Amino acid sequence: VHQSKLDFFCKLGYGKQDICKVLENLGQEALEDDVLKELIRMGSKPQALESQAQPSALKLVARGSSSTTPGSKWLGEGESDSSDYLRPIVIDGSNVAMSHGNKEVFSCWGIQLAVDWFRERGHTYIKVFVPLWRKEPPRQESPIADQHILEELEKQSILVYTPSRKVKGKRVVCYDDRYIVKVAYEKDGVIVSNDNYRDLQNENPEWKWFIEQRLLMYSFVSNRFMPPDDPLGRHGPTLSNFLSKKPVLPEPKWQPCPYGKKCTYGNKCKFYHPERPHQAQLALADELRAKINVPLSMGKEEE
């Protein structure tokens, strides 16, 4: 009797220890209903219910905690992947700074405005190239404003100085434009500059295509960095698609035909007809024959 009751309640999912305790208290001859009531009163739960309740509790903990559970891993991957679909940004620091300074002052604040604009969009790879001699004290013929910004961007590993040195009192400067185009080309990124780099386009045919397709021009409007919404022209991609590795194509918007069902142009009509789900490619006479289930060959014989 004890074994049969033990097997019965084990099939219901209760633990053997709880069942033995209840049978000891109530006796071996206790009814099954009484044993079940005592198990419920003790707070014992079937193992199936406990196994269903545990995963939900773990999920709740994982969302709010920093533990390495599957939920937190998924959230972490989502955060890291948020910038994977955005192209790397390579900024021509001299061009941006001189544009913000109205071509008279090397304005480092303009570089900061451009960097902040791309940061707000979610770009993580941002590099600014500036000649090394811009670290020197400003001269009258080459004034610099807010030079401390260059030091801050260098500490953040955003600013990169292109090498330069002095030989017999003369400054030897490396061509920083070649650094900019080369890094952007290798990273498959975007060049931010108002320079067309025509000399580099003639130097390398691969760079020529890259500069034509990946050059992002800009303007400064009241200390606001503003790239165009159509970087490659009116019929090119939008700014969001231009800066994305996986552009999202807009759904085609068809203009409905003003004549509706009375249209007599047939397949030559360039407008959208909702009554033609697949925009029938037949002529109007052939459409009418098809509707009345008359084969085309018979129609031609009759003609």
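The values are calculated or read from the model by the stated rules, or taken from the named source; none is laboratory data. These numbers were taken from a predicted model, which means no experiment stands behind them. Every residue, glycine among them, receives a Cβ derived from its backbone with ideal geometry; neighbour counts consider all protein chains shown. For the accessible areas, the whole protein counts, side chains as well, though only heavy atoms, and no ligand, DNA or RNA atoms are used. Shrake-Rupley method; radii C 1.70, N 1.55, O 1.52, S 1.80 Å.
Would region 213-231 turn up any residue that is at pLDDT 85 or above, open to solvent by 80 Å² or more (accessible area, probe 1.4 Å) and within 16 Å of Asp92 (Cα to Cα)?
For region 213-231, residues at pLDDT 85 or above, open to solvent by 80 Å² or more (accessible area, probe 1.4 Å) and within 16 Å of Asp92 (Cα to Cα): present.
Applying the selection to region 182-191, what residues are free of Cβ contacts under 8 Å to residues at least 60 places away in the same chain and under 24 Å from the mean Cα position of the chain (by Cα)?
Tyr185, Glu186 - these are the residues of region 182-191 that are free of Cβ contacts under 8 Å to residues at least 60 places away in the same chain and under 24 Å from the mean Cα position of the chain (by Cα).
Would you confirm, using the coordinates I've provided, whether Arg171 is outside any helix (DSSP H, G or I), surrounded by 11 or more Cβ atoms within 10 Å (Cβ to Cβ) and among the charged types (D, E, K, R)?
Yes.
Quick check: is even one residue across region 128-142 closer than 20 Å to Arg87 by Cβ, without any contact (Cβ under 8 Å) to a residue 40 or more places away in the chain and assigned by the TED database to the domain that holds Lys103?
Checked against the condition, which is being closer than 20 Å to Arg87 by Cβ, without any contact (Cβ under 8 Å) to a residue 40 or more places away in the chain and assigned by the TED database to the domain that holds Lys103, region 128-142 yields at least one hit.
Quickly run through region 133-168 and pick out the residues that are part of a helix (DSSP H, G or I) and open to solvent by 50 Å² or more (accessible area, probe 1.4 Å).
Of everything in region 133-168, those that are part of a helix (DSSP H, G or I) and open to solvent by 50 Å² or more (accessible area, probe 1.4 Å) turn out to be Trp133, Lys135, His148, Glu151, Glu152, Glu154, Lys155.
Tally time: how many residues in region 115-131 are more than 13 Å from Ile191 (Cβ to Cβ) and buried (at least 21 other Cβ atoms within 10 Å of the Cβ)?
Residues that pass the stated criteria total 2.
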